[in-house]
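A.B. asks: Quick one: this structure, given as structure tokens, is what I'll be asking you about.
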Amino acid sequence: MFDVRQTQLPFGMTEPETPPPRTQTRQGSENLYFALLPDEPVGNEIDKLMVILGQSYRLLGRARPPGLRHVSVHGFGKYPKRRDDITAIAMRAAKTIQHCEFTLVFDHVLSFRQPSHPLVLCPTDGVKEFRRLQLQLGLAVYEAGLAVCLDPGYQPHITLQYGRTPVPRVDLEKPITWTVRKFVLVNSLQGLSKHEYIDQWPLLN
């Protein structure tokens, strides 16, 4: 089944991943997905932005560790332990992708409407190219043998922080420009704040 209707993806890509309270976190479960990882210059710009936002809005809450920042592209769900069969399918699908490098321009932040008030950094320019990559990966995964659901309304974003109060949309005076040159396969160890990077694939230049 390949469904491109507005449907919740297996790992909740219509909104940022929200960790459950620590008392309910199921340690040992793992979450496999394709993602884009900010390079060092983009990471430095995000660090500067967090300082400015903290001063302007007195942000209270749990900041996302810089090493865990990413833009989710396509997920495979959560499992009690790593699924080598699904990992192999994902890697086989990734090798078929022919997509050019593209630029994302992150020009605003806002809080999603969730109890943990995730503060996210979002782009406007480059979203169309992002969706092309997302669709290519979805088709490749489907052709490799897995069922796929895509949400055409998904807003690409980087989660910055989980807070106590929501932040309204803030347009950045200086947008953060990121040329995306690769995508990666991530295995997230739930409850441990740890990512394993399984492999990466360059985009065409």
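What follows is calculated from the coordinates using simple rules that are stated; it is not laboratory data. In this text the structure is predicted, and so the values were computed from the model without any measurement. Note: ideal-geometry Cβ built from the backbone for every residue, glycine included; neighbour counts use all protein chains shown.
A.B. asks: Amide H of Leu172: which non-local residues (sequence gap of 5 or more, or other chain) have their own amide H closer than 5 Å, using H built in the peptide plane?
C.D. replies: Here His108, Val109 satisfy the definition.
A.B. asks: On to the next question. Report the FRET efficiency, 1/(1 + (r/R0)^6), for Asn44 and His108, where r is their Cβ-Cβ distance and R0 is 22 Å, rounded to 0.05.
C.D. replies: 0.70
A.B. asks: Separate question: Where in segment 153-188 is the amide nitrogen less than 14 Å from a point lying 7 Å along the Cα-to-Cβ axis of Ser29?
C.D. replies: The answer is 188.
A.B. asks: Taking all pairs of distinct Cα atoms, average 1/r, flip it, and tell me the Kirkwood hydrodynamic radius of segment 32-83 in Å to one decimal place.
C.D. replies: The Cα-based Kirkwood calculation yields 13.2 Å.
A.B. asks: Based on the alpha-carbon gyration tensor of segment 45-163, what equivalent-ellipsoid semi-axes (square roots of 5 times the eigenvalues) come out, in whole Å, largest first?
C.D. replies: Semi-axes, largest first: 30, 18, 12 Å.
A.B. asks: Still on this structure: Can you give the extra length, in nm with one decimal, that the chain gains between Val127 and Lys81 once fully stretched, where that is 0.36 nm per residue apart less the Cα-Cα distance?
C.D. replies: Between Val127 and Lys81, full extension yields an extra 13.3 nm.
A.B. asks: Along Cα→Cβ, 7 Å out, is where each label goes; now give me the distance between the ones at Gln155 and Met91 in nm to one decimal.
C.D. replies: Here the answer is 3.6 nm between the modelled labels.
A.B. asks: Take the Cα of Cys100, step 7 Å along the line toward its Cβ, and report every residue of segment 117-138 whose backbone nitrogen sits under 20 Å from that point.
C.D. replies: Correct set: 124-137.
A.B. asks: Report relative contact order for segment 76-205 in percent, whole number only (criteria: Cα-Cα under 8 Å, sequence separation at least 6).
C.D. replies: That works out to 32 percent.
A.B. asks: Two decimals, Cα atoms only, Kirkwood Rh: what is Rg/Rh over segment 133-188?
C.D. replies: Answer for segment 133-188: 1.05.
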